[in-house]
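The values are calculated or read from the model by the stated rules, or taken from the named source; none is laboratory data. This structure is a prediction, so every number in the text was calculated from the model and none was measured. Heads up, the Cβs are rebuilt from the backbone with ideal geometry, glycines too, and the neighbour counts pull from every protein chain shown. What goes into the accessible areas is simple: the full protein's heavy atoms, side chains included, and nothing from ligands, DNA or RNA. Shrake-Rupley method; radii C 1.70, N 1.55, O 1.52, S 1.80 Å.
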Amino acid sequence: MQGLKSAATLLIRSCCNNNKSKLSHSFLTHCPQHSRSLSSSPPTEDDLDNQVLVEDKANSKSVFLNRPSALNALNTNMGARLLKLYKAWEKDSSVGFVTLKGSGRAFSAGGDIVNLYHLINQGKLEACREFFGTLYTFIYVLGTYLKPHVAILNGITMGGGTGISIPGTFRLATDKTVFATPETLIGFHPDAGASFFLSHLPGHLGEYLALTGETLNGAEMIACGLATHYTNSEKLHLVEHHFGKLVTDDPSVIETSLEQYGDLVYPDKMSVLHRIAMVDKCFSHDTVEEIFDALEREAAETNDPWFNSTLRRLKEASPLSLKVALRSIQEGRFQTLDQCLVREYRMSLQGISKRISGDFCEV
């Protein structure tokens, strides 16, 4: 265990401790491939036209992630396409706001880890760097976007899918929404801005979600602040029809529209949000070992099955990933979005390098 702790410390330190003075700069300055025009390596026409689709509305752009067979998993070309479009629309006075949704049963299940796995095994680390740099740069652009943005999370929203939605102005959850950051279960760390938005959730819910990879539904997302609005999926066509005719660039007008079609929901009695005191008691500790000890102690004293099920979930994860994820959330609580993205970018490159651990490449 001591060797594992040293490895986790090495990974974190190599990614952030030596660069704290630089983290206050914009994320864009740390991704040199995005300081030049994206036209230097354009995606193929197939990727441009089919994997990210755009519909022109009265005063807005409606974007569709269109890889339903892959649960709209994100690749470099999709990230570059989104980045190019969003930058252009931010300067276009005819575009008042932007909506983003996914095709099929997912908003986005995250990054295309199958493709990433093959790139790593083929030794194409530059392509891996481009993938992370492109995606994280888009997330930064979304988090600082000057126009209102509505992400319609009608389905699976995991990993990188949370990163391209949560930083925006509005997040609309539905009865079909399934949120998770399950990276520790695949030997990675919650990235794509997760260390920022998870660390700002109530209490230590962020640590719980980051380490266990457990899911939240739409009602839970609205209750804890990950979503801003909730609408039953059967009414989404009304929301989209309304947005299609709406002429505005005023966030308050869009918010009023979302509230007009909103539904009032509450987490069910089995929700982890009703156990927030237990979550805080067990996941507020500084180390993974202390978290395990707290859960085991509570399990023995209370006979509550929740503690044992949480322990089993943690034991399914990569031990090193648990340590890295915990430290990342703890760091993120005191950092800005761009600082978190810079640190996560470096951590991701370390994570796929196999220099410290091969957990991600072996899953």
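So, I276, is that one open to solvent by less than 60 Å² (accessible area, probe 1.4 Å), under 30 Å from F97 (Cβ atoms) and touching a residue at least 12 places away in the same chain (Cβ under 8 Å) or not?
no
Taking the range 221-238, which residues are in a helix (DSSP H, G or I) and crowded, with 23+ Cβ neighbours inside 10 Å?
M221, I222
Sort through T181, T174, T228 and tell me the only one that's in contact with a strand residue (DSSP E or B) (Cβ under 6 Å, 6 or more places away or on another chain) and either of a type outside the set (G, A, S) or under 30 Å from S252 (Cβ atoms) (or both).
The unique qualifying residue is T228.
Pick from L209, L142, L198, L172: which is free of Cβ contacts under 8 Å to residues at least 40 places away in the same chain and open to solvent by less than 10 Å² (accessible area, probe 1.4 Å)?
When all the criteria are applied, what remains is L209.
Being open to solvent by 10 Å² or more (accessible area, probe 1.4 Å), touching a residue at least 60 places away in the same chain (Cβ under 8 Å) and assigned to a helix (DSSP H, G or I) is the requirement here; does R129 meet it?
For R129, the condition - open to solvent by 10 Å² or more (accessible area, probe 1.4 Å), touching a residue at least 60 places away in the same chain (Cβ under 8 Å) and assigned to a helix (DSSP H, G or I) - is met.
Would you check which residues across the range 141-176 are farther than 18 Å from S233 by Cβ and assigned to a helix (DSSP H, G or I) and list them?
V141, L142, G143, G160, T162, G163 - these are the residues of the range 141-176 that are farther than 18 Å from S233 by Cβ and assigned to a helix (DSSP H, G or I).
Say whether the condition of being touching a Lys or Arg at 6+ places or on another chain (Cβ under 8 Å), under 30 Å from Y140 (Cβ atoms) and not basic (K, R) is met by at least one residue in the range 275-298.
Yes, because at least one residue in the range 275-298 is touching a Lys or Arg at 6+ places or on another chain (Cβ under 8 Å), under 30 Å from Y140 (Cβ atoms) and not basic (K, R).
Determine which member of the set E289, E296 is part of a helix (DSSP H, G or I) and open to solvent by 60 Å² or more (accessible area, probe 1.4 Å).
Going through E289, E296 in turn, just one is part of a helix (DSSP H, G or I) and open to solvent by 60 Å² or more (accessible area, probe 1.4 Å): E296.
Would you please name the residue that is most open to solvent (accessible area, probe 1.4 Å), looking only at residues in the range 253-272 that are within 26 Å of L236 (Cα to Cα), assigned to a helix (DSSP H, G or I) and touching a residue at least 24 places away in the same chain (Cβ under 8 Å)?
E259
Name the residues in the range 63-119 that are in a helix (DSSP H, G or I) and aromatic (F, W, Y), would you?
Of everything in the range 63-119, those that are in a helix (DSSP H, G or I) and aromatic (F, W, Y) turn out to be Y86, W89, Y117.
May I ask you to list the residues in the range 50-70 that are of a type in the set (S, T, N, Q) and in contact (Cβ under 8 Å) with a residue 40 or more places away in the chain?
Matches in the range 50-70: N59, S60, S62.
Need pairs with beta-carbon distance below 6 Å; first residue under 24 Å from T177 (Cβ atoms) and within the range 71-97, second in a strand (DSSP E or B) and open to solvent by 10 Å² or more (accessible area, probe 1.4 Å); sequence gap 6+ or separate chains.
Close Cβ pairs (under 6 Å, with a partner that is in a strand (DSSP E or B) and open to solvent by 10 Å² or more (accessible area, probe 1.4 Å)) amount to L71/I156; N72/G102; L74/G111.
State all residues of the range 45-88 that are farther than 22 Å from A127 by Cβ, crowded, with 21+ Cβ neighbours inside 10 Å and not β-branched (V, I, T); if no residue qualifies, say none.
Correct list: S60, K61.
Of all residues in the range 300-320, count the ones that are modelled with pLDDT under 95, in a helix (DSSP H, G or I) and buried (at least 17 other Cβ atoms within 10 Å of the Cβ).
2
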